[in-house]
1. Can you send over the carbon and sulfur percentage of the accessible area for the chain, probe radius 1.4 Å, protein chains only?
2. For the chain, find the longest principal axis of its Cα atoms and tell me its angle to the long axis of helix 156-168, 0 to 90°, nearest 10.
3. To the nearest 20 Debye, how big is the dipole of the chain about its Cα centre, given +1 on the beta carbon of each Lys and Arg and -1 on that of each Asp and Glu?
4. What full-extension length gain, to one decimal in nm, is calculated for ALA17 and PHE91 as 0.36 nm per residue of separation minus the Cα-Cα distance?
5. Pairing the Cα long axis of helix 172-185 with the longest principal axis of the chain, what angle in degrees results, from 0 to 90 and rounded to the nearest 10?
6. Return one quarter of the surface area of the convex hull spanned by the alpha-carbon atoms of the range 87-204, equal to its mean projected area, in nm².
7. Using a 1.4 angstrom probe, figure out how much accessible area the range 105-185 has per residue, in square angstrom, rounded to the nearest whole.
8. Please report the base-10 log of the normalised intensity I(q)/I(0) for the range 139-204, using a Debye sum with one equal scatterer per alpha carbon and no solvent, at each q in 0.12, 0.15, 0.17, 0.18 (1/Å).
Amino acid sequence: MTRPPRSIHLDDLESSAGPGTLTWHPVRAPLGIRAFGCNAYSAQRAGDDVIEPHVESPEYNHEELYFVARGRATFKLDDETIDAPAGTYVFVPDSATHRHAVAAEPGTTVLSFGGPPTFTPSAWEWSFRAAPHVESDPQRAREIIEDGLREHPDSPGLRIHLARLEVRAGNEERALELLRLAFERQPEAEELARQDPRLAALLT
């Protein structure tokens with residue numbers, strides 16, 4: 001059954017007090033998110049908790065990502081202290097890491113995202129990362145694309161980006177072979193390839 005998109009403003013989330021000085025705002029449940037855990041935590045006063053002291057359950061082995069949406073927070077991760085003003089991401093990959101965060105300013109709000117490390121990123125992520133380096137640093141672009149192809153060996157988009165690098169390196173036959181494989185899997189990918197003038201010339 002198809003589920004429609006949903007939205008909710010941060011200020012419209014329900015609030016639940018505790019434990020301690022923590023104020024919790026559920027996000028995952030009201031939006032019906034199933035892919036990962038997501039909640040928000042806010043503090044009216046500096047010194048209030050925005051992440052309660054805890055470690056994650058080894059049973060679930062969740063990675064957690066925190067984002068300071070408003071204010072400023074001080075994170076304590078085992079023996080490491082991180083000053084995190086608004087706009088800061090804090091990633092905690094190990095479920096055994098003891099984590100705790102306190103508001104350094106009134107009105108601080110922290111968003112949390114968590115889940116098991118089983119997610120497969122979309123191939124476009126590598127394409128977007130590599131694109132700015134195709135002309136300026138082709139070796140860096142190649143490293144990114146080849147890393148992506150290890151995860152998505154049949155990706156038409158990644159093959160096209162590799163073809164862009166091959167044609168610039170003078171390897172026109174290899175570029176054509178990559179394009180052939182990309183178009184076999186996704187014929188409409190030719191439109192993407194033709195956006196690159198060197199590949200367009202090769203396909204003429």
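1. Working: 6160 of 12020 Å².
After summing per-atom areas, the C and S share lands at 51 percent.
2. The helix 156-168 is inclined about 60 degrees to the chain.
3. Values: 21 positive and 33 negative charges, 102 e Å.
So the magnitude is around 500 debye.
4. Working: separation 74, 0.36 × 74 = 26.64 nm, distance 2.48 nm.
Full extension from ALA17 to PHE91 adds 24.2 nm.
5. So the inclination is approximately 60 degrees.
6. Details: hull surface 42.6 nm².
Spelled out: convex hull of the Cα atoms, projected over all directions, averaged, 10.7 nm².
7. Values: 4360 Å² over 81 residues.
Heavy-atom SASA per residue in the range 105-185 reads 54 Å².
8. The computed values of log10 I(q)/I(0) come out as -0.25, -0.39, -0.50, -0.57.
The values are calculated or read from the model by the stated rules, or taken from the named source; none is laboratory data. In this text the structure is predicted, and so the values were computed from the model without any measurement. Neighbour counts are summed over all protein chains in view; Cβ atoms, including those assigned to glycine, are modelled from backbone coordinates with ideal geometry. The protein model used for the area step is the full one, side chains on, heavy atoms only, and it has no ligands, DNA or RNA in it. Shrake-Rupley method; radii C 1.70, N 1.55, O 1.52, S 1.80 Å.
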